[in-house]
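The numbers here are math on the coordinates, done by the rules we state, and not lab data. Quick caveat: nothing in here was measured; it's all calculated off a predicted structure. Backbone-built Cβ (ideal geometry, glycine too); neighbour counts: all protein chains shown.
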Amino acid sequence: MTDLAIILLALFGVWTGWRVFRVDSMVRASFALMLSFIATAGIGLLLSAPYIGVATVFMMAVEMLVMAIFMVMFMMNPAGLNPMSMVHQHRLSIGAGVVAFAGLGAAVLLSDLPDSPVAPGTDVVAQLGFELLGPSMLIFETAGVTLLATMLGAVILSSRQGRFGMADHGSRPPGLEPGGAPAGRRPEKGGGHGHGHGGHGGHGDGGHGRASDDHGGEHRGHMSDGDHEGHAGYSPDGAMGAPGPEHGATHRTPAKSEHGGEHRTAHGPGHAPQDQKAADAPQEDAAPNADPHAHHRKGTGHDGDDT
Amino acid sequence: MSVLLAAGVLVALALGIWLGAWFDRLAPALEGGRAAGPMAPLRDWAALLIRDQAETEAPDRMNRLLAPAWYLALAAIGLSVVPVAEGLALWHSPVGIVVWGSCEALIVITVFLHGWSPNAPFPLIGAYRYAAIGLPVMLPSMFVLIAAALPAESLSLIAIVDSQRDSWNLVRQPLGLPLFLVVGLTLTLRGPLDFAGGVDIAGGTSAEESGAGLFLWQVARLATLVAFSALAAAVFLGGPLGPLLPGPVWLALKTALVMALTVLAGRLIARTTPSRMLHVLWVWLLPLSFAHLAVSGMVAL
Amino acid sequence: MDALLIIAAWTGLAALAAWGMQRQAGATAPLAAPFLGGGTPDTHAWQRYHFRPYTMALVFIAFEMEMMFMYPWAVVFVREGAKALAEMGMFLGILSVGLLYGWREGIFRWQ
Amino acid sequence: MTLIIVLLAASALFGIGLYGALSQQSFVMLMMGLELMLNGALLAIIGFWSRGLGGMPEGQLLAIIVMAVMAIEMAIGFALVVALYRKRQADVTEAIGTLKR
């Protein structure tokens, strides 16, 4: 009876262990691994190791939750909505896995296993406690020091904000290809702002308050010089592709000197979207990004990210 | 015998769920609101049950259906280790408080999955926030339970109840119950520690829930409240110990008391942001539970 | 064995109830779209997400390991007396250094 | 008999874990493989302790140490992944190339 339960649990544990590398959703993969540990814990319960068994569940549940969170942080596609394969040296790995299983299994089957079960009625938890405080005291305290080292290492390696400010202050991440643009998050100002500007260039000050000063200034100058050239800012490509600096610089007309006041007027009724539509209807219509809400949301989202 | 006991636990759980729901609807009276009668929860649930359950776009369907089930099951498993009478529990586990600790950890995961599965922003925000808070909350919980295990010289809840014959742990370890209430608020998603739900993120993990799914989730939260209160009653208030009345009645009374306390605490304590709560948990509650453990150790020696 | 039966029974019962009660109605597009306070989403919610207190999570799993040692310690505490108190005090003292360091580095805030 | 079943399951878990650790490109998945291998080790220890060693307390201690190894592996592993990602935007093994620089 116990053996049957153990077989079922073992099959469940192996199956969930296998599912870890087969499911698309990374969160499911982490929790499949947790189920595999729970199967181990169940076998422990059956094998008169109540403490180790239940504590395994407790420890592994926590660890797998952290694992799932890191999955979401680091996987391109954490939910596996579009399947992709992220494996290398696949045949070699399968071979290694099979050889390991076959070797260990053969060793198990061929060797003469000892047979002396735990005496029923032993208080195994108290035994472990006495072992910890008595003969294995040094192991216990060494584990403490090791865990301390782990905590320090984890903080040093992963913490972004230290006592002296951001760990990566002023640094730019390397490009995705040699000499390319910095990848991902940019330290100070970057693509995100350009994006936001494209939106509010046309739509009043949805994001002006958050924009960095020089950017805002250039855009204002740029917006103020008349109808037609202003359009570059309206088309989504122009907004996203052309970054502020040169763009603004080329159009820096006399308005630059008084851009504060000029900006207000330029953004007044003359630049309202309806008016724009009259002047340049197709372009405005073709721009899906021209929805003020969408831009506002994106702008704020990015700012939230950077702070 | 144990089947009967299991049926008893189930009935007690159902009654406790109803009582908890009523407490929740009584609580507004404290702030001058209108208190509802004892039938109000049943009416609300019936209304939920006849409503449709809307599906979201591309959800993790299996986890969405089963998250409330895991939550309910974990509450029931946690309740199973609580002794209903002296020396009698559904599950005579020698490591009862570790079992409860595992249930806590798995409840945090269940809430995370509940927020993950609908594939919608607000539930996900709730899930991540709750994970950030749920992890450190487990530390005070474990310290408090370990402190209660010291005088009993056992991890079994039966032994812990037995060790309170002379004086309850509430007296010997006065900090224990308040610290444990923080854990209860977290596990039952209530008040200041309800970072999974909450109106500030439109209902959080259950923002997309409706109909039977929402009903099950509410019931599971209340079931966890019952299990938590029964465990707290057993660990701090001597569980089924008491004069005259039979053990199960004492346990039920004490459980109801802790439930009312938890509902009150959830109602009266102010909320704060998750980042600040994280700071409070690590910088105040964790040292406090260290101190609690040290004092309890001295007392037990 | 009893323990596993109890766990399996509760889990199975709850899963059956949840499976039986819930009928997911096929919602039409506006209802199925995630609630965003009136906005419309432009991506799936299941994206890479920056979980702010990640260093806290890492320190937590290292620190939480101490629980594994504390449970058996609690069982023999009274029988071992002052020796147990001293040893666990030392152990927790060592680990607290890590927490203090983390606190000073600000890991208990959103990163 | 019981011990043989347990040890076979443990070696299967170890084999699957080895496969995962060798084949996965993503760091996080790679660590899942390592954890699965440790899961096999844990299962084997519990089996040996319970059926072969007559409940020697050192066996339980070893199981706890294995769990500590898992916790340490995860904490340091993820911290390294975070550090690497911050420096190199790398989240798969191929993106490292070399650990120099």
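Details
- Most positive-pole-ward Cα, C:Val97, C:Val76, C:Met65, against dipole of segment C:51-111 from beta carbon charges: C:Val97
- Segment B:171-240 shape via C-alpha gyration tensor axes, a/c threshold 1.5: oblate
- Against chain C, whose longest principal axis comes from its Cα atoms, helix C:54-64 is set at around 50 degrees.
- Note on chain B: with a GNM built from Cα contacts shorter than 10 Å, the maximum mean-square fluctuation among B:Val235, B:Val263, B:Val283 falls on B:Val283.
- The C-alpha atoms of chain B define a longest principal axis, and helix B:96-116 lies at about 10 degrees to it.
- Loop-located trypsin sites (Lys or Arg not before Pro) in segment C:1-79 (DSSP state other than H, G, I, E, B) with a sparse environment of at most 16 neighbouring Cβ atoms within 10 Å: C:Arg23, C:Arg48.
- Scalar couplings 3J(HN,Hα) for segment A:20-36, obtained by applying the Karplus form with A = 6.51, B = -1.76, C = 1.60 to θ = phi - 60°, are 3, 9, 10, 6, 7, 6, 5, 5, 4, 4, 4, 6, 5, 4, 4, 5, 4 Hz; x denotes Gly and Pro.
- Our summary gives segment D:17-74 a relative contact order of 27 percent, counting only alpha carbon pairs under 8 angstrom and 6 or more residues apart.
- C-alpha long axis of helix D:2-23 to longest principal axis of chain D, angle in °: 10
- Tensor-based shape of segment D:2-95 (alpha-carbon gyration tensor, a/c under 1.5 rounded, otherwise prolate or oblate): oblate
- Each of B:Leu15 and A:Leu8 was given a label point 7 Å from its Cα along the Cα-to-Cβ line. The distance between the two points is 3.2 nm.
- For segment B:174-189, putting each phi into the Karplus relation 6.51 cos²θ - 1.76 cosθ + 1.60 with θ = phi - 60° gives couplings of x, 7, x, 5, x, 5, 6, 4, 4, 4, x, 4, 5, 5, 9, 6 Hz, in residue order, rounded to whole numbers and with x for Gly and Pro.
- Couplings 3J(HN,Hα) for segment C:85-101, derived from phi with the Karplus relation 6.51 cos²θ - 1.76 cosθ + 1.60 (θ = phi - 60°), are 4, 5, 5, 5, x, 5, 4, 5, x, 4, 5, 5, 4, x, 5, 4, 4 Hz, where x marks Gly and Pro.
- Viscosity 1.002 mPa s, temperature 20 °C, Stokes-Einstein D of segment C:1-83 from Kirkwood C-alpha radius, µm²/s: 111
- Count Lys and Arg as plus one, Asp and Glu as minus one, and take only other residues whose Cβ is under 13 Å from that of C:Met65; the net charge is then -4.
- Based on Cα contacts under 8 Å between residues 6+ apart, chain D shows a relative contact order of 26 percent.
- Contact order normalised by residue count of chain B, Cα under 8 Å, 6+ apart, percent: 26
- This ranking places B:Val161, B:Val108 by how few other beta-carbon atoms lie within 10 Å of each, fewest first, which gives B:Val108, B:Val161.
- Value at 222 nm in deg cm²/dmol, rounded to 500, when DSSP H runs of n ≥ 4 in chain B each add -39,500 (n - 2.57): -22000 deg cm²/dmol
- Candidates B:Gly87, B:Gly37, B:Gly20: whichever shows maximal mean-square fluctuation once chain B is modelled as a Gaussian network with Cα springs under 10 Å: B:Gly37
- Net charge of Cβ neighbours under 11 Å - reference B:Glu208; Lys, Arg +1; Asp, Glu -1: -2
- Residues B:Val258, C:Val97, sorted so that the one with the fewest Cβ neighbours within 10 Å comes first: C:Val97, B:Val258
- Among B:Pro246, B:Leu66, B:Val137 the positive-end extreme of the charge dipole of chain B (Cβ point charges): B:Pro246
- Cα centroid separation - segment A:1-77 against segment B:253-290, whole Å: 31
- Stretched out straight at 0.36 nm per residue, the stretch from B:Ala58 to B:Asp200 would grow longer than its current Cα-Cα span by 48.6 nm.
- Cα shape, segment B:17-115, gyration tensor, a/c 1.5 rule: oblate
- Sequence of B:His292, B:His279 once ranked by neighbouring C-beta atoms within 10 Å, starting from the fewest: B:His279, B:His292
- For B:Ala85, no residue 5 or more places off, or on another chain, has a built amide H under 5 Å of its own.
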